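The structure appears below as structure tokens.
The values are calculated or read from the model by the stated rules, or taken from the named source; none is laboratory data. Computed from a prediction, not measured in an experiment: that's the story for all the values here. We place every Cβ from the backbone using ideal geometry, glycine too, and count neighbours over all the protein chains shown. Note: areas computed on protein heavy atoms with side chains; ligands, DNA, RNA excluded. Shrake-Rupley method; radii C 1.70, N 1.55, O 1.52, S 1.80 Å.
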Amino acid sequence: MVAAATQEKIYTVPQYLELEAQTGERHAFYNGIIVAMPGGTIAHNRITKNMVQYLGNLLDQQNNLEIFGSDQKIYLPKYHYYVYPDAVVVVQPPIIAEEATNAITNPLLIVEVLSPSTEEQYRGQKFLEYRSLPSFREYVLVRQNAPEVLTFFREEPDLWRENMVTGLDQSVYFRSIEAQLAVQLIYRNLEFAV
């Protein structure tokens, strides 16, 4: 006798939004599948806070750009996904998919903080999914366990330039927002084994 395959329940967007409203927790939505968002480590949260704080300070000088933290949902229409990057920069005003979802569709720059368990996914499938957004120009991957920042910049529709910056004494240049940030600020209040 062969066991019957179990099927995951498929949810509608209103059901997804209701779940988030009822629980107060963040969930990703993958074309009907709801996935709870795990909590981050202290290192992850510090890096995310530093990126939002220091990039935010740089963007204060540019009135047409705004940064949002990890509570800001973005919508990927091609896949019908709602996801929460660690930080996202948009050109003002943010374009909202639907008022009820509060999910933006016009990210310019997306930041993800890598952990050993997410690194492969964020470098691969997640990056491919984000690239479906026409406004998306720069992807920033920040390692938690070493001072390394990897950026991808869209030079043409299907051409991305990669740049790796390693070391606390370096700076990262974000081409999409024409701003430079010291790596030591990204990793402020973190220590690494020598």
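At a glance:
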quantity	calculated
16 Å Cα-Cα reach of LYS126 towards lysines, excluding residues that sit fewer than 8 places from it in its own chain	LYS73, LYS78
Separation in nanometres of the label points that stand 7 Å from Cα toward Cβ, at LYS49 and LEU185	1.7
Stretchable slack from TYR79 to LEU159, in nm (0.36 nm times residue separation minus alpha-carbon distance)	26.7 nm
Degrees separating the helix 42-59 axis from the principal Cα axis of the chain, which is the longest one	60
Pair ALA21, ASP169: separation of 7 Å Cα→Cβ label points (nm)	5.5
FRET efficiency, GLU119 to ILE33 (Cβ-Cβ, R0 22 Å, nearest 0.05)	0.50
Within a Gaussian network of the chain (alpha carbon springs, distance under 10 Å), most fluctuating of THR48, THR118, THR23	THR23
Between helix 13-23 and the chain: long-axis angle, C-alpha atoms, 0 to 90°, nearest 10	70
Peptide ranges 123-131, 144-152, 162-170 listed from the most packed, as the mean C-beta count within 10 angstrom indicates	144-152, 123-131, 162-170
Accessible area in square angstrom per residue, region 90-183, 1.4 angstrom probe	48
Set of aspartates and glutamates near LYS49 by C-alpha distance (under 17 Å), chain-local residues within fewer than 8 positions excluded	ASP60, GLU66, ASP71, ASP86, GLU112, GLU148, GLU191
Estimated [θ] at 222 nm from DSSP helical runs (n ≥ 4, -39500 (n - 2.57)) normalised by residues in the chain, nearest 500	-6500 deg cm²/dmol
Carbon plus sulfur fraction of accessible area for the chain, probe 1.4 Å, in percent	49
Relative contact order (%) - criterion: Cα under 8 Å, at least six apart; region: the chain	15
The chain: most fluctuating residue of ALA87, ALA21, ALA179 per GNM, C-alpha cutoff 10 Å	ALA21
Residues in region 153-194 that a label on GLN62 would reach, taking backbone N under 12 Å of a point 7 Å out along Cα→Cβ	173-181
